[in-house]
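Each remark here refers to the structure printed beneath this line.
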Amino acid sequence: MRGTDEAGGSLFSDVDLEARVSGRHPLREIRQAVNEALASLDGEFEALCTDFGRPSIAPERLIRASLIQIQFSVRSERQLMERMQYDLLFRWFVGLGIDDAVGVPTVFDPGTATGC
């Protein structure tokens, strides 16, 4: 019996990104090393940020996004943002949840970045 080819959209999703990434995936070790390095820079990041204005995107997320862009040879920040819309591995590495907003490519431009 042939199955149907209908899209099954659901209102709610219970996707655990941590469970979707294989325990043996090479990015797990890279992410752990990156997180440890970024944790050691927490004081420097805090000193760069102001106590007023709009909250910025966490510098840790921007650095992880740049690293994933380099690792997967994504040609531009615009393509990176597009890939992060649908690529669960990218979302997991950067630290975004399944429903978190991705942002816009200009967050990588030092001339237009706000906050820190």
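Readers should treat all values here as calculations from the given coordinates under stated rules, not as data from a laboratory. Here the structure is a predicted model, which is why all the values come from computation and not from measurement. Virtual Cβ from ideal backbone geometry, glycine too; neighbours counted across all protein chains shown.
Data table
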item	result
Sorted by Cβ density within 10 Å, fewest first, the residues R91, R20	R20, R91
Full-extension gain in nm, D100 to L48, via 0.36 nm per residue minus C-alpha separation	16.3 nm
In nm, spacing of pseudo-spin labels at D16 and Q79 (7 Å Cα→C-beta vector)	3.4
Fewest-first sequence of T106, T50 by Cβ atoms within 10 Å of each Cβ	T50, T106
